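Here is the structure we will look at.
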Amino acid sequence: MKDGEKYVSKGQKYFDPEIECMSHEAIVDLQNERLLKQVANVWENVPYYREKMKAKNLTPDDIKSRDDLYKLPFLTKDDLRKAYPYGLMGRPLSDCVRIQSTSGTTGQRVVAFYTQHDLDIWERMCARAIVAAGGSREDVVQVSYGYGLFTGGPGLNGGSHKVGSLTIPTSSGNTDRQIMFIKDLSASILCCTPSYAAFIGERMKEMGMKPDDIPLKAGIFGAEAWSEDMRRDIEATMGIKAYDIYGLTELCGPGVSFECSDQKGMHINEDYFIAEIIDPKTGEVLPEGSQGELVFTTLDKEAFPLLRYRTRDICSLTREKCPCGRTHVRMTKLKGRSDDMLIIRGVNVFPSQIETVLLNKGYPANYQIIVGRVNNTDTLDVHVEMTPEMFTDNLGEISKRQSQLVEGLRSMLGLTAKVTLVAPKTIARSEGKAVRVIDNRKI
């Protein structure tokens, strides 16, 4: 059937059954075929990566199969920054139809490019996630992720269209309106960050609504780490089944992997990605089941092909048989990061971003970031030392300065932080590495 045709019937278990349930041997054959084409493509069309291969005395002829993947050089976020904006493109700009962008790290955004083929792939993976959560053309899918440059909204929106579901593109915010559409339009699947889902659930309770009053049956929640306790709270409050979804703007967006009804890890779309787990310190590939840093190679991406991209996310992989019948490798929930990045309310935050704002405003690099979670919503508090010269007990002046920093951080991060100015020498010093971040969340 044609892409976009409404053909996912109620009760259908898979969006692409012949792919999602193919044998491991067939998956490997497909990956080998696509990997060799992608390596040749990148060598021919991405000079930045070609130079990285030359530095390791490699040519495409050295890569015979996925068993040789370890020979290829890694790509990191630093590479993406250095190559910004066009240095990693694998197709002419005239072939591209869309960009998406990260929220910005250390002041530099990562811009990803898409051909129409890339968009079709991305939306297809999101469609698989929706069907795995029980979605069909009979469902109403409310997409409450952000739209615009953020990948969450566009990805699930396109996936819902491919499934054939009625799509409500509410984006995030205006919670009472969200609830109105859920109830009035009988939305059955909600797509948003888990913290926003928890907030919607709490607001429903405040309005006197019980789970039986809500037509929702499932939620697809991603863009930030969340615990099993948080999953259970959301499921109990909203009377739904909550599914995890994973993705990165650099790779496409949400849909790189997704949970099935058994909720025993997220199935990675292996027809489009090869996943590896490496030792974050040595770069050595670790055996299946080991916990380490997740690395992805894109197999069919045209405009922005990435080979061995280091995500910095810590997890493990398993090929144990899944009761759902899908055969693609599964990844566990994320256990943390191998760098200092925080994910707060779905936004990537680096301490260096906060430090940049403070230094630009004339404050010393003596600060502490305290992350918490209240009513399933992340909180961000920044304690900042004043210099002896700026120290004052004038509460009005202190409030004014704190407001200026709040605005500066909102401009840099895209979210609101609580700022507290403290007296000089208040924040504890360390003889070793400074303890900049205190994360009190239980993930």
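The values are calculated or read from the model by the stated rules, or taken from the named source; none is laboratory data. Values in this document were obtained by computation on a predicted structure and should not be read as measured data. Virtual Cβ from ideal backbone geometry, glycine too; neighbours counted across all protein chains shown. Note: accessible area is taken over every heavy atom of the protein model, side chains too, but ligands, DNA and RNA are not part of it. Shrake-Rupley method; radii C 1.70, N 1.55, O 1.52, S 1.80 Å.
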Comparing K241, K37, K54 in a Gaussian network model of the chain (Cα, 10 Å), the one with the largest mean-square fluctuation is K54
Taking placed amide H atoms and a strict 5 Å upper bound, the residues 5 or more places from V437 or on another chain that come that close are I369
Interchain or sequence-distant (5+) residues whose placed amide H lies within less than 5 Å of the amide H of N366 are E385
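Placing +1 at every Lys and Arg Cβ and -1 at every Asp and Glu Cβ, with all other atoms neutral, what dipole size does region 126-202 have around its Cα centre, in debye to the nearest 20? Write down the numbers at each step before the final one.
Numbers: 5 positive and 5 negative charges, 48 e Å.
Value, rounded to 20: 240 debye.
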Computed about the Cα centre, the charge dipole of region 210-312 from +1 Lys/Arg and -1 Asp/Glu charges at the Cβ has a magnitude in debye, to the nearest 20, of 160
Ranking G135, N57, G362 by how far each Cα lies towards the positive end of the charge dipole of the chain (+1 on Lys and Arg Cβ, -1 on Asp and Glu Cβ), the top one is G362
Of the candidates M125, L185, Q263, the farthest towards the positive dipole end of the chain (Lys/Arg Cβ +1, Asp/Glu Cβ -1, centred on the Cα centre) is L185
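With r defined as the distance between the Cβ atoms of K82 and F391 and R0 fixed at 60 Å, what FRET efficiency is calculated, to the nearest 0.05?
Working: r = 40 Å, r/R0 = 0.67.
Efficiency at R0 = 60 Å is approximately 0.90.
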Semi-axes (Å, rounded, descending) of the ellipsoid equivalent to the chain per its C-alpha gyration tensor are 36, 30, 19
Checked against a 27 Å limit on the C-alpha separation, the offending pairs among K10/K333; K210/K241; K54/K82; K37/K335; K56/K264; K52/K361 are K10/K333; K37/K335; K56/K264; K52/K361
Bounding extents of region 129-184 in its principal axis frame from Cα atoms, largest first in Å, are 29, 27, 15
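Could you pull out the longest piece of the chain with no exposed loop GluC sites (Glu not before Pro) in it, calling a site exposed if DSSP puts it outside H, G, I, E, B and it has at most 12 other Cβ atoms within 10 Å?
6-283
For the chain, report the accessible area per residue in Å² (1.4 Å probe, heavy atoms, rounded to an integer).
On a per-residue basis, the chain sits at 43 Å².
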With -39,500 (n - 2.57) per DSSP H segment of 4 or more residues and division by the full residue count of the chain, the 222 nm estimate, nearest 500 deg cm²/dmol, is -9500 deg cm²/dmol
Spelling it out for S172: with amide H atoms placed in the peptide plane at 1.01 Å from N, the residues 5 or more places away or on another chain with amide H under 5 Å from its amide H are G146, Y147
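With +1 on the Cβ of every Lys and Arg and -1 on the Cβ of every Asp and Glu, and nothing else charged, how large is the dipole of the chain about its Cα centre, in debye rounded to the nearest 20?
That gives a dipole near 520 debye.
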Note, G408: beta-carbon cut-off 11 Å, +1 each Lys/Arg, -1 each Asp/Glu, net +2
Simple SL model, points at 7 angstrom along Cα→Cβ for V406 and D300; separation in nm is 4.8
Computed curve, region 357-443, Cα-only Debye sum without solvent term, log₁₀ I(q)/I(0) at 0.15, 0.26 Å⁻¹, is -0.60, -1.39
M386 neighbourhood, Cβ < 12 Å, K/R = +1, D/E = -1, net charge -1
Contour minus Cα-Cα span, R177 to I99, at 0.36 nm per residue, comes to 25.2 nm
Distance in nm between Q263 and T420 label points, each 7 Å along Cα→Cβ, equals 3.5
Of the accessible area of the chain, computed with a 1.4 Å probe and all protein chains kept, carbon and sulfur make up a percent value of 49
If each part is reduced to its alpha-carbon centroid, region 14-30 and region 98-176 end up apart, in Å, by 24
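Calculate, in nm to one decimal, what E25 and V285 gain on full extension: separation in residues at 0.36 nm each, minus their alpha carbon distance.
91.5 nm
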Between the residues I27, N41, Q12, the Cα farthest towards the positive end of the dipole of region 1-96, that dipole coming from +1 and -1 charges on the beta-carbon of Lys, Arg, Asp and Glu, is from N41
Summed over the other residues with a beta carbon less than 15 angstrom from that of D244, with K and R at +1 and D and E at -1, the charge totals +1
